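Engineer: This structure is in structure tokens; I'll ask about it shortly.
The values are calculated or read from the model by the stated rules, or taken from the named source; none is laboratory data. These numbers were taken from a predicted model, which means no experiment stands behind them. Here the Cβ is made from the backbone with ideal geometry for all residues, glycine too, and neighbour counts use every protein chain on show. Just the protein is used for accessible areas: all its heavy atoms, side chains included, with ligands, DNA and RNA removed. Shrake-Rupley method; radii C 1.70, N 1.55, O 1.52, S 1.80 Å.
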Amino acid sequence: MKTVFITGTSTGIGEAAVRLFARHGWNVAATMRNPADARFTDLPTVRVYALDVTDEAAVTRAVQQAHQDFGTLDVLVNNAGYGLVGPFESATIAQIQQQFATNMFGVFSVTRAALPILRAQQSGIIINITSVGGRTAFPMNSLYHATKFGLDGFSESLWYELEPFGIRVKVVAPGGVATDFAGRSLQMTANPTDDTNPYAGQVRSVLAAFSSRGGSFSTPEQIAEVIYTAATDGTSQLRYIAGDDAQQLLKTKAEMSEPAFQSMIRQGFGLV
Ligand SMILES: NC(=O)c1ccc[n+]([C@@H]2O[C@H](COP(=O)([O-])OP(=O)(O)OC[C@H]3O[C@@H](n4cnc5c(N)ncnc54)[C@H](OP(=O)(O)O)[C@@H]3O)[C@@H](O)[C@H]2O)c1
């Protein structure tokens, strides 16, 4: 029986991935900041572990405990993450550090903890959940994009580095997904109703544009299917662009000149 270790499984894509892998008969180490949030009592092959990915010691403990409990570690899904939205200039250093601590350093820590196990067994798959926002950028999301573009490049380089050890690195890049991402998980660098902030108008336009796009969002279950495919398709494919909206956007970007694409994005976000 294979084992998958997933971060950020209290809600959204992580929770859907836990359910899907368990339905396919996998052992699942479902990790989350607050295990009391777990909703997996109906799934006998799932074990829940407390894990805040910004806590390096907790990361090492959780990876080693899960490996000991299940006796194997085949796939790691680095999913935990959140969005920081708003003007860069208004962001506090604490907000910036927390964004990078979670979305990037969290991935580094969990990957570092898992690598000795994967390398010793000469097999394993590391799946990093990035975003379409790791391949193209929207206004008012600079710090989130910095983490996701960073993870995309990190993953592409690591793909080469780990290949000789039988370890595959993959990126699943979703477009919009109907989860808690844009709700309770979202953090803002500025209050959109604070008109003393010179960016307030831009923030309002961008938030309005994002909320009008909900209809084209994927479900977390659809993204979980892509993660499962990445884990089981037996290929060395690096990137999986997940969701029709993400695929369409990247196709459009590839076909347009940069100024034309920027103009389209500006208009789409009401910044004209
Ligand atoms: N939804 C989208 O539109 C979208 C699009 C592209 C990419 N993504 C990416 O998909 C991933 C999952 O997001 P989601 O859409 O499923 O949103 P979500 O429902 O808000 O889930 C995010 C998960 O990450 C966890 N998390 C946050 N900080 C953490 C930390 N320090 N340590 C451990 N876990 C932490 C949250 O835990 P708590 O319950 O403790 O807060 C939650 O379980 C993220 O990496 C996100 O960037 C989402």
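Engineer: Calculate, in nm to one decimal, what Glu255 and Leu238 gain on full extension: separation in residues at 0.36 nm each, minus their alpha carbon distance.
Structural biologist: Answer, rounded to one decimal: 3.9 nm.
Engineer: How far, in nm, would the chain grow between Asp69 and Ala101 when pulled straight, counting 0.36 nm per residue and subtracting the alpha carbon separation? Walk me through the numbers on the way to the answer.
Structural biologist: Details: separation 32, 0.36 × 32 = 11.52 nm, distance 2.75 nm.
Here the segment from Asp69 to Ala101 would lengthen by 8.8 nm.
Engineer: Considering only protein heavy atoms and a 1.4 Å probe, what is the carbon-and-sulfur percentage of the accessible area of the chain?
Structural biologist: Looking at the chain in its full context, I get 52 percent from C and S.
Engineer: State the answer as a single residue: which of Ser218, Ala208, Ala242 lies farthest towards the positive end of the charge dipole of region 199-250, with beta carbon charges of +1 for Lys and Arg and -1 for Asp and Glu, about the Cα centre.
Structural biologist: So the residue we want is Ala208.
Engineer: Follow-up question, since we're still on this one. Dipole of region 1-150, Cα-centred, from +1 at each Lys and Arg C-beta and -1 at each Asp and Glu C-beta, to the nearest 20 debye?
Structural biologist: 320
Engineer: Here is a further query. Would you mind checking which residues have amide H under 5 Å from Ala80's amide H? H placed 1.01 Å from N; only 5 or more apart, or other chain.
Structural biologist: For Ala80, whose amide H was placed from the backbone, the distant partners under 5 Å are Thr7, Gly8.
Engineer: What residues have an amide H closer than 5 Å to that of Lys170, excluding those fewer than 5 places away on the same chain, when H is modeled at 1.01 Å from N in the peptide plane?
Structural biologist: Placed amide hydrogens put Ile126, Ile127, Asn128 under 5 Å from Lys170.
Engineer: Expressed as an acute angle from 0 to 90° and rounded to the nearest 10, what is the orientation of the C-alpha long axis of helix 220-232 relative to the principal long axis of the chain?
Structural biologist: The angle comes out near 50 degrees.
Engineer: Moving on. Calculate the dipole size of the chain relative to its Cα centre from +1 charges on Lys and Arg beta carbons and -1 charges on Asp and Glu beta carbons; express the result in debye to the nearest 20.
Structural biologist: Approximately 220 debye in magnitude.
Engineer: Further question on the same structure: Please give the Cα centre distance for region 202-225 versus region 23-67, rounded to the nearest Å.
Structural biologist: 28
Engineer: Dipole size in debye (nearest 20) for region 156-257 around its Cα centre, Lys and Arg Cβ +1, Asp and Glu Cβ -1?
Structural biologist: Values: 8 positive and 12 negative charges, 26 e Å.
Using only the charged Cβ atoms, the result is roughly 120 debye.
Engineer: For region 3-268, what is the accessible area per residue in Å², given a 1.4 Å probe and the full set of protein chains?
Structural biologist: Value returned for region 3-268: 45 Å² of accessible area per residue.
Engineer: Taking the Cα-to-Cβ direction at Asp180 and at Asp195 and moving 7 Å from each Cα, how far apart do the two end points lie in nm?
Structural biologist: 3.5
Engineer: Provide the packing ranking of 198-209, 152-163, 167-178, 249-260, i.e. peptides ordered by the mean count of other C-beta atoms within 10 Å per residue, highest first. Each step should come with its number before you reach the end.
Structural biologist: Numbers: 198-209: 17.2, 152-163: 15.3, 167-178: 23.2, 249-260: 12.2.
Put in order of decreasing packing, that is 167-178, 198-209, 152-163, 249-260.
Engineer: Within 10 Å, count the other beta carbons around each residue, average over each peptide in 140-151, 91-102, and list them highest first.
Structural biologist: The packing order, highest mean first, is 140-151, 91-102.
Engineer: Compute the FRET efficiency between Glu56 and Thr92 as 1/(1 + (r/R0)^6), taking r as their Cβ-Cβ distance and R0 = 30 Å, and round to the nearest 0.05.
Structural biologist: The calculated FRET efficiency here is 0.85.
Engineer: From the residues Val4, Met264, Ala58, which one has its Cα farthest along the dipole of the chain in the positive direction, the dipole being from +1 and -1 charges on Cβ of Lys/Arg and Asp/Glu about the Cα centre?
Structural biologist: Val4
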